[in-house]
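As structure tokens, the structure follows; a few thoughts come after it.
The numbers here are math on the coordinates, done by the rules we state, and not lab data. Given the structure is predicted, the values throughout are model-derived calculations rather than measurements. Please note: Cβ atoms are built from the backbone with ideal geometry, for glycine as well, and neighbour counts cover all protein chains shown.
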Amino acid sequence: MRRRLSKGLLLVLALAPAMAQAKDKLAPDAFSVTMPAPPPAPPANGSIFQGAYVPLTSGGRAGQVGDIITIQLVERTAATKSNAAGTQRDGNIGLTPPSTGPLSLFNPSDVAMGGGQQFKGKGDASQSNALSGEVSVTVAAVYPNGTMLVKGEKLLTLNRGDERVQIAGIVRAIDISPDNRILSTRVANANIRYVGKGEIARASQQGWLQRFFSIISPF
């Protein structure tokens, strides 16, 4: 029996890191840079102008696969929630016994009853997030309606760890400024991730065994 328990404990400890570190899975190329495809060979029709051109109204604005767009991160969110509840209930019953007869044996204090109930509850929650900076991404796909899929990342290697900013989403060509910049609030279906690695990031996290027991703990 002890051997079975020890084997079970060893199996739990072996699976604990994988269970505690379970995260959302992303495709390997979710934020990879997209390079433009090589242009097809021009048809042998003897013409000098083959129809590949950029409208004069677009200037140097990005609009093809592989073009670079700079996304300005101006994310700021705030949420506040509060609730309060209170109840109160009182009750009293008093009877005066007669002064004569068989019930005269009771005193007035023997037949008096009273009760009270009171409850108060209050809860508050608040959260705020802010992210600023710039990340240059590439156009991964151009759709028939003029929208474009963009994705990219920025990796910062510091002396105490690595910081990575990743972003992907859908943008409209009309929202891109002439210098190929766009606000992150204009990115549809935005997937913005800010993650870090190193001793500072590890120090701010729980150990894998502690996270495991936090998951299975019923309290």
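Could you calculate the FRET efficiency of VAL74 with ARG211 from 1/(1 + (r/R0)^6), where r is the beta carbon distance between them and R0 is 41 Å, rounded to 0.05? Mind showing how you got there, number by number?
Values: r = 33 Å, r/R0 = 0.81.
The calculated FRET efficiency here is 0.80.
If I take R0 = 41 Å and measure r between the Cβ atoms of ARG164 and ASN83 in this structure, what FRET efficiency does the formula 1/(1 + (r/R0)^6) give, to the nearest 0.05?
According to the calculation, E is roughly 0.60.
Residues with amide H under 5 Å of THR34's amide H, sequence separation 5 or more or different chain, H placed in the peptide plane at 1.01 Å from N; which?
It is THR138, by chain and number.
Working out 0.36 nm times the residue gap between THR157 and ARG181, then minus their Cα-Cα distance, what length gain in nm do you get to one decimal?
Fully extending the segment from THR157 to ARG181 adds 6.2 nm.
From the phi angles alone, apply the Karplus equation (6.51, -1.76, 1.60; θ = phi - 60°) to region 151-162 and give each ³J(HN,Hα) in whole Hz, x where the residue is Gly or Pro.
So the J values, rounded to whole Hz, are 7, x, 8, 10, 10, 10, 9, 9, 6, 10, x, 10.
When the Karplus curve 6.51 cos²θ - 1.76 cosθ + 1.60 is applied with θ = phi - 60°, which whole-Hz ³J(HN,Hα) does each residue of region 130-144 get, with x for Gly and Pro?
Rounded to whole hertz, the list is 8, 8, 9, x, 9, 9, 8, 10, 10, 7, 9, 7, 10, 9, x.
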